[in-house]
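Visitor: Below are the structure tokens for one structure; questions will follow.
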């Protein structure tokens, strides 16, 4: 099996950790190897974390502030930030999808099941650490621990695929928006208008904005 991916420099993006997980699974090729379960679980947990950081940065205008970054350096702090911002993340995705509705060639970002991601992030942790009772983990009967681990790993990997590819471009940055759309975003995030009102106003703006920017697919 080709393991040349192990010789490449590391990166810190959600997409890189996702692809590293993919490389480990391809290397494993259905063999359910112990070491692959450990390292692929680690990389997938990192992909989830970096995806969370991407969402938090999006809400913060492109960069997480020093105080929030400090809170995110601990497990409890990171989870607290994600749970606190979950409603805003949901609304930001809804707005991005509404703003891109006039351009069907751009894939929309799916709603994020944050409870599933948090649970998966915690569950994958068990495959990254040693166990005091090997008979219930790496020495389990009929390798049940490994089989269950790979089932969990692949389920989470498939879900991350739906979030990262090809939908990563669908989350709009505030700085990239036309002033009129940016104003709509601010009002929607502040609960001053509903999603339905956003969609109706975007419909009214679309002919003017299309003429202004002549936004066309490559």
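Visitor: Where residues in the range 122-137 are out of contact with any helix residue (DSSP H, G or I) (no Cβ under 6 Å at 6 or more places or on another chain) and not in a helix (DSSP H, G or I), which of them is surrounded by the fewest Cβ atoms within 10 Å (Cβ to Cβ)?
Guide: 132
Visitor: For the range 70-79, state whether one or more residues are more than 15 Å from the chain's Cα centre (by Cα) and touching a residue at least 60 places away in the same chain (Cβ under 8 Å). Please lay out each step first, then the result.
Guide: Within the range 70-79, the subset more than 15 Å from the chain's Cα centre (by Cα) is 70-77.
Imposing the further condition that a residue be touching a residue at least 60 places away in the same chain (Cβ under 8 Å) reduces the set to none.
Scanning the range 70-79, I find no residue that is more than 15 Å from the chain's Cα centre (by Cα) and touching a residue at least 60 places away in the same chain (Cβ under 8 Å), so the answer is no.
Visitor: Examine the range 21-44 for a residue that is closer than 30 Å to residue 194 by Cβ and part of a helix (DSSP H, G or I), and state whether such a residue exists.
Guide: Taking the range 21-44 first, the residues closer than 30 Å to residue 194 by Cβ are none.
No, that holds for no residue.
Visitor: Ok, one more. Return the total of residues in the range 170-182 being in a helix (DSSP H, G or I), surrounded by 12 or more Cβ atoms within 10 Å (Cβ to Cβ) and either within 21 Å of the chain's Cα centre (by Cα) or modelled with pLDDT of 95 or more (or both).
Guide: Looking only at the range 170-182, we keep the residues that are in a helix (DSSP H, G or I), and these are 170, 174-176, 179-182.
Going one step further and asking which of them are surrounded by 12 or more Cβ atoms within 10 Å (Cβ to Cβ), we end up with 170, 174, 180-182.
Within this subset, residues satisfying the condition of being either within 21 Å of the chain's Cα centre (by Cα) or modelled with pLDDT of 95 or more (or both) are 170, 174.
Number of matching residues: 2.
Visitor: Looking at (1) exposed (fewer than 14 other Cβ atoms within 10 Å of the Cβ); (2) under 29 Å from residue 126 (Cβ atoms), which one does residue 104 not meet, given that it meets all the others?
Guide: (2)
Visitor: If a residue must be outside any helix (DSSP H, G or I) and over 30 Å from residue 205 (Cβ atoms), how many such residues does the range 66-101 contain?
Guide: Here is the first cut: in the range 66-101, the ones outside any helix (DSSP H, G or I) are 72-74, 100-101.
Next, only the ones that are over 30 Å from residue 205 (Cβ atoms) stay: 72-74.
Count: 3.
Visitor: Also: Return a yes/no flag: does the range 45-65 have any residue that is farther than 21 Å from residue 16 by Cα, out of contact with any strand residue (DSSP E or B) (no Cβ under 9 Å at 6 or more places or on another chain) and assigned to a helix (DSSP H, G or I). It would help to see each step written out before you state the result.
Guide: Initially, the range 45-65 is screened for residues farther than 21 Å from residue 16 by Cα, giving 59-61, 65.
Pick out the ones that are also out of contact with any strand residue (DSSP E or B) (no Cβ under 9 Å at 6 or more places or on another chain) and you get 59-61, 65.
Checking which are assigned to a helix (DSSP H, G or I) leaves us with 59.
Looking through the range 45-65, at least one residue is farther than 21 Å from residue 16 by Cα, out of contact with any strand residue (DSSP E or B) (no Cβ under 9 Å at 6 or more places or on another chain) and assigned to a helix (DSSP H, G or I).
The values are calculated or read from the model by the stated rules, or taken from the named source; none is laboratory data. Small disclaimer: the values here were computed from a predicted structure and weren't measured. Cβ sites come from the backbone with ideal geometry, for glycine too, and all protein chains shown count toward neighbours.
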